[in-house]
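The values are calculated or read from the model by the stated rules, or taken from the named source; none is laboratory data. None of the values given here were measured: they were computed from a predicted structure. FYI the Cβ positions are ideal-geometry reconstructions off the backbone, even for glycines, and counts take in every protein chain you see.
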Amino acid sequence: MSVLLKKPLFGHVTNKEIAEQLQSKKKCEKKLPIWFNKEKIYFPKPLSIEQTSSEVTARYKSEIVNGKSLCDLTGGFGVDSYFFSQKVDSVVHCELDPELSEIARHNFKVLGATNVQTISTDGLDYLEQSDEKWDWIYADPSRRNLTKGKVVNLEDYSPNIPSNLELLLRKSNKILLKTSPLLDLKIGNDQLGFVREIHIVAVKNEVKELLWVIEKDFRKEPLIKTINFQESKVQQFAFLQSTEKSSESKLSMPLAFLYEPNAAIMKSGAFKSLTSTYNIFKLHRHTHLYTADRLIEFPGRIFKIERFIPYSSKSIKSMKVKKANISVRNFPETVARLRAKYKIKDGGDTYLFFCKTANGKWSTLKCSKV
């Protein structure tokens, strides 16, 4: 029986509160194992858990910062502040919601993060009123509008970072900003200015965060870093846009192996840089798949090409594939349409790639994963 349907279990705690605690804790099992496994942790409402950083991404952010002091303008549940406290001597955690601020304060004590000061206030107001200057300021603005819908553009965030950038750079020479993974890199770079680095962070091939390192008076080209956390390894690739623009894509028809960039690289747009860095070939200028006659370490998935045929209904039917993982790249049909058309179920060990190749024709690659 659900906790909500039972008689009150404790006089001072409602069954609704207990149900919310159980629901929120369950959401932390994989996302926040430190919090899940620690006794006496108090959990906020489930939505706060959904909006907070995971331990994987929070730990990565903590590797970016250093120094003696950091101010977290939008502290929330406190996951980022906790990991910052492992790298910085003193952390100020600002959170406008008094209940969430109190929850974070309690949990910092339970976790032994004694160098975190919690303040229930608007982070920008705190900066205005404080005489202190920090080594770093961190902000993860709310990306939901008044109707709780998600927003992407920086000017719709709360707080609006571009409008308050002058204040932030008066209080710190270095700012770490987390934004929506959907934000366009060029637009973000143009609006923020002084961007030293852009970090595109993916977990299990899904882009989770865009991180912007802003440094006062920095006017050079930002370094774009991509990272993809997998179960057993981490894939990283970094480049400059100028290098990408000046690079030439080397093209080839399919060779022995197929290379598919991970989601972080796809977001970054480093399509030409990959060919020169890894000495591999693109299948087509606008097909973001790569090939080589040798097996190499690569930031993405790797496949052995078992069969390569020109695309036609006759050729697909001749393969007699009943079950496969299907991907399309620079191809006029959708995955759903191809499945329905050729009666191919999802899953299994066979991978079919439908794409345009260097000869300008539609092609099909039957592959197995390496």
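Data for the structure
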| quantity | calculated |
| --- | --- |
| Identity of the residue in the stretch 248-274, modelled with pLDDT under 95 and of a type in the set (Ser, Thr, Tyr), that ends up farthest from Leu183 (Cα to Cα) | Ser249 |
| Test: Ile41 is over 15 Å from Gln86 (Cβ atoms) and surrounded by 14 or more Cβ atoms within 10 Å (Cβ to Cβ) | yes |
| Verdict on Lys109 being surrounded by fewer than 19 Cβ atoms within 10 Å (Cβ to Cβ) and either out of contact with any Gly (no Cβ under 8 Å at 6 or more places or on another chain) or at pLDDT 95 or above (or both) | yes |
| Tyr290 surrounded by 14 or more Cβ atoms within 10 Å (Cβ to Cβ) and touching a Ser or Thr at 6+ places or on another chain (Cβ under 6 Å) | no |
| Residue identified as touching a helix residue (DSSP H, G or I) at 6+ places or on another chain (Cβ under 9 Å), farther than 18 Å from Cys355 by Cβ and of a type outside the set (Phe, Trp, Tyr) among Ala292, Ala270 | Ala270 |
| Filtered residues of the stretch 59-100 (kept if out of contact with any Lys or Arg (no Cβ under 9 Å at 6 or more places or on another chain) and of a type in the set (Lys, Arg)) | Arg59, Lys68, Lys87 |
| Hey, Ile309 part of a strand (DSSP E or B) and in contact with a Ser or Thr (Cβ under 6 Å, 6 or more places away or on another chain) or not | yes |
| Where Leu154 falls short, out of the listed (1) over 23 Å from Glu209 (Cβ atoms); (2) modelled with pLDDT under 95 | (1) |
| Which listed residue, of Lys225, Lys250, is in contact with a Phe, Trp or Tyr (Cβ under 9 Å, 6 or more places away or on another chain), among the basic types (Lys, Arg), in the same structural domain as Phe298 (by TED's automatic domain parsing) and surrounded by fewer than 21 Cβ atoms within 10 Å (Cβ to Cβ) | Lys250 |
| Hey, Thr114 under 24 Å from Glu63 (Cβ atoms) and crowded, with 18+ Cβ neighbours inside 10 Å or not | no |
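Residue-by-condition table, conditions (1) charged (D, E, K, R); (2) in a strand (DSSP E or B); (3) under 26 Å from Gln235 (Cβ atoms):
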site: Thr275; (1), (2), (3): no, no, yes
site: Arg301; (1), (2), (3): yes, yes, yes
site: Lys317; (1), (2), (3): yes, no, no
site: Ala324; (1), (2), (3): no, yes, yes
site: Lys341; (1), (2), (3): yes, no, no
site: Tyr351; (1), (2), (3): no, yes, yes
site: Phe354; (1), (2), (3): no, yes, yes
site: Asn359; (1), (2), (3): no, no, no
